[in-house]
Amino acid sequence: MKNKNLLTNNFEIFINNYSERLFRKNIAVAVSGGCDSIALAYLTDKFKSKYEYNIIALTLDHQLRKESADETKFVKDLMHKLEIPHHSLSWTEEKPSTRIQETARIARYNILAEACNKYKCEYLFLGHHADDQLETFIIRLNAKSGLDGLSCMQEESRILTNNRSLNLIRPLLKYRKETLKNICKNSQLKWIEDPSNY
């Protein structure tokens, strides 16, 4: 319990640092169903009343795996249980035969940006964590990236999509994945293990 309170307090420090910018704003949280995004939605929701912002969970079904529809429903049901407004999104375009991951990433941000427009969300919270940072660094190192290429994800960034520029915030970059699993376990929240992560 002590560790859980410490982790929660650390997250509140993060929120407090953004409090003026989040005040009375709609915050979108991308929730895939993994322990990272479930923990992010739970923690972000925990402080919405105190810091006066709204949270909306967005789940994108890429329709690349037969299990994805069930996973989207799992997230929808869990968000309903947590009383977090949730919207399911789909990538319905024809899928390419090559460079599928790159194309899916571009499509993901375009669809999320469109949803942020629709629900008037100024910021999109993403569940990238410390293990993702390490993975990104290793991938870029193996690709023989230069010093600029080796720089990893930033806590805050802005990308240009088909619909708008999108403000991305990654509150969990200092959290290890095992820590996020423990947050879910301690809060009795189930999550999905995505086989593509392996």
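The values are calculated or read from the model by the stated rules, or taken from the named source; none is laboratory data. Everything quoted here is computed from the prediction, not taken from an experiment. Note: ideal-geometry Cβ built from the backbone for every residue, glycine included; neighbour counts use all protein chains shown. Please note that ligands, DNA and RNA were not included when accessible areas were found on the heavy atoms of the full protein model with its side chains. Shrake-Rupley method; radii C 1.70, N 1.55, O 1.52, S 1.80 Å.
Taking each of K25/K190; K81/K174; K76/K190; K48/K181; K25/K120; K25/K46 in turn, the alpha-carbon distance tops 20 angstrom for K25/K190; K81/K174; K48/K181. Surface analysis of region 1-96 yields an accessible area of 55 Å² per residue, using protein heavy atoms and a 1.4 Å probe. Entry note, region 53-130: relative contact order of 30 percent, from Cα contacts under 8 Å with a spacing of 6+ residues. Taking all protein chains together, D77, D36 sort by accessible area into D77, D36, largest first [probe 1.4 Å].
The accessible-area ordering, largest first, of the residues S97, S165 stands as S97, S165, per a 1.4 angstrom probe.
Restricting to DSSP loop positions (anything but H, G, I, E, B) with no more than 11 other Cβ atoms inside 10 Å of their own Cβ, which trypsin sites (Lys or Arg not before Pro) remain in region 1-68? Here the sparse-neighbourhood loop sites are R24, K66. The chymotrypsin sites (Phe, Trp or Tyr not before Pro) of region 1-66 that DSSP puts in a loop, and whose beta carbon has at most 10 other beta carbons within 10 Å, are F23.
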